[in-house]
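The values are calculated or read from the model by the stated rules, or taken from the named source; none is laboratory data. Here the structure is a predicted model, which is why all the values come from computation and not from measurement. With ideal geometry, Cβ positions are generated from the backbone for all residues, glycine too; neighbour counts draw on all protein chains shown. To get the accessible areas, we keep the full protein, side chains included, count just its heavy atoms, and leave off ligands, DNA and RNA. Shrake-Rupley method; radii C 1.70, N 1.55, O 1.52, S 1.80 Å.
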Amino acid sequence: MSHWFHRNPLKATAEVKFDLKMVATDSQALKLCSDLKQARARLLELLPNANHEIDVVEPALTLYLSLLRGLIEVPEGENSDWSKLRHALRYRWSHSMLGTKAEGHYDAIYELVSVLQNTAFWYMKHASKIAAQEEVSMDEAKLVHRSLRRGAGLLKYAQDEWVNKLLESPAPMSDSDPRVHTAYLNQATAEAQEVTIARAIELKHNAGLISALSNETSRMFTTAADSIASLDEKIFGHWTQYLRLKAAFYASYAYNYSGQNLLNQDKCGDAIRALQEAKKKYEEAGQQCKEYSHTKGPGTQAKPEKHQFFRRLAPIVTRTLEKCERENGMIYHQKIPYDPPELEIKATYGLVAPDDYTLPPMAPLWTPVTYSAFDLTKNLSEDDSSKSKTAQKVEGDLPAVKETEVHHTSKDHKNDSGCSIM
């Protein structure tokens, strides 16, 4: 789907050496440190490239998190809530919307949250990559749907289960800021629902169902936009405009199919009013596209107005509206209401929910014996100045992640909906 999705930059991170001190040299403990370093490096190597397959990225994530879990929780049989190594290492990450400025914490939970968020962003980018192909098969469309649901699931799990356990409250405008999280979660879920809508149109499902799904999707994009509307416009304005244009576009779809549904029920006056509203919302979406293209900010430059799925709606609304007006003048003679009809708030089926996610089991290497080999006193910072703001300032910003370019086709797709993700 050519330039249909807006994507923000990945988070950048500093190297972690996992140089943990021990009471006595232990081969299993040494292997754990080596495996942690290698597993992290492997995952970070994969994430900048959305062309990788899920079957490559998912095992890399599972491996690293199974090892990282031993720095957060204690092995079975130990009497403690948190690992004695949770605060032994410092993790530095940037945030997707805040450029190269890094935030660092001596907290393995901060590392966990950041990794889950960055992998969620990869899933969203992977979905965009598949949708950008010239032809997308049914199986590939399911992958788009799955990627977006999985991305939403990782974000939801990180926020619901772990952000509240961080040592400090999330910084404003960071990826864990509830407002930014709400935007990402609703965007990923709404985009997954876009696949459902396109499929419903392609299979010529009931107009009432398509209208309800479109309305739900529009509401999700609106929620996403509203959640970041109060944040710095110079940073978040570009992203907000994308969310607003998608909200207006799917509101237009909702009213269009509501009009068709009302006409099928011989409610021609109501149908005309719904289609008038569809035309108005489509024009709003077109204006939002212009504003989005002229607004600077982090992230890619989507071009939804040039996509067939966007362009096909205008002539459909016009034709259906003209048909209704013609038939109302000749047959129905119904009054056209001043206010548009109420849209269905809840679709009967087809609604998308984020995938459930839980951490993988702790790696087998984390045994009570291996855990006891690490010396807590040696792993605590001997000099508090190393944690000071001055020391952190010396480290400087992180270089931006160099993401592999994804090809977007500019060709129209040969189906009824005009959408590539069928």
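Note on His294 and Ala400: the model spin-label points, each 7 Å out from Cα along the C-beta direction, lie 2.4 nm apart. Label reach from Gln265 (point 7 Å along Cα→C-beta): in region 324-368, amide nitrogens under 17 Å belong to 334-349.
Over region 123-206, what is the mean sequence separation of C-alpha contacts under 8 Å (at least six apart), divided by residue count, expressed as relative contact order in percent? Please report the intermediate quantities before stating the final value.
Values: 58 pairs, mean separation 26.3, N = 84.
Relative CO of region 123-206 lands at 31 percent.
Taking 0.36 nm per residue of sequence separation and removing the Cα-Cα distance, the Thr318/Lys37 pair yields an extension gain of 95.2 nm. When the Gaussian network model of the chain links Cα atoms closer than 10 Å, the mean-square fluctuations of Asp55, Asp139, Asp160 top out at Asp55.
Work out, step by step, the length gained on full extension between Ala14 and Glu342: first 0.36 nm times the residue separation, then minus their alpha carbon distance; give nm to one decimal.
Values: separation 328, 0.36 × 328 = 118.08 nm, distance 5.15 nm.
Stretched fully, the Ala14-Glu342 segment lengthens by 112.9 nm.
Here the calculated FRET efficiency for Glu134 and Glu161, from their Cβ-Cβ distance with R0 = 35 Å, stands at 0.30, rounded to the nearest 0.05. Taking 16 Å as the straight-line reach from the Cα of Lys346, the aspartates and glutamates in range (excluding those fewer than 8 positions away in the same chain) are Glu194, Glu216. Accessible surface computed residue by residue for region 64-116, with neighbouring protein chains in place and a 1.4 Å probe, gives 32 Å² per residue. Sorted on the mean count of surrounding Cβ atoms within 10 Å across their residues, most packed first, peptides 182-190, 310-318 read 182-190, 310-318. Working from Cα pairs under 8 Å separated by at least six residues, relative contact order for region 243-293 is 50 percent.
For the chain, modelled as a GNM whose springs connect Cα atoms under 10 angstrom apart, the maximal fluctuation among Glu191, Glu344, Glu405 occurs at Glu405. Surface composition of region 32-144: carbon plus sulfur atoms hold 48% of the accessible area, using a 1.4 angstrom probe and ignoring ligands, DNA and RNA.
Taking a span of 30 Å or more along the helix axis (Cα atoms) and a mean Kyte-Doolittle hydropathy of at least -0.5 as the rule, the DSSP H helices of the chain that qualify are 108-131, 178-202, 207-228, 233-264.
Per-residue counts of other Cβ atoms within 10 Å, averaged by peptide: what ranking do you get for 349-359, 245-255, 104-114, 75-85, highest first?
In descending order of packing, they fall as 245-255, 104-114, 349-359, 75-85.
For region 208-259, with all protein chains present and a 1.4 Å probe, just round the carbon and sulfur fraction of the accessible area to a whole percent.
Details: 590 of 1300 Å².
Roughly 45 percent of what the probe reaches on region 208-259 is carbon or sulfur.
Under a Gaussian network description of the chain, with springs only between Cα atoms under 10 Å, the residue in Gln276, Gln28, Gln265 that fluctuates furthest is Gln265.
Please calculate how many Å² of accessible area region 174-297 carries per residue, with a 1.4 Å probe and no DNA, RNA or ligand atoms counted.
Numbers: 4210 Å² over 124 residues.
Value for region 174-297: 34 Å² per residue.
Of the labelled figures (1) 22.0; (2) 32.4; (3) 30.0, only one reflects mean projected area of the Cα convex hull in nm² as derived from the coordinates, namely (1).
Do any trypsin sites (Lys or Arg not before Pro) in region 158-217 lie in a DSSP loop with no more than 10 other beta carbon atoms within 10 Å, and if so, which? Listed in order of number, the matching sites are Lys204.
Listed by chain and number, the aspartates and glutamates whose alpha-carbon sits under 13 Å from that of Lys279, ignoring those within fewer than 8 places in the same chain, are Glu322.
Quickly rank 332-338, 144-150 as a protection proxy: mean count of other C-beta atoms within 10 Å, highest first.
Values: 332-338: 12.3, 144-150: 24.4.
Highest mean packing first, the order is 144-150, 332-338.
Expressed in nm to one decimal, what extension gain is obtained for the pair Thr62 and Asp26 from 0.36 nm per residue of sequence separation less their Cα-Cα distance? Don't skip to the answer; put the middle values down first.
On the way: separation 36, 0.36 × 36 = 12.96 nm, distance 2.48 nm.
Additional length available on full extension: 10.5 nm.
Here the relative contact order of the chain, from alpha carbon pairs under 8 Å that lie six or more residues apart, stands at 28 percent.
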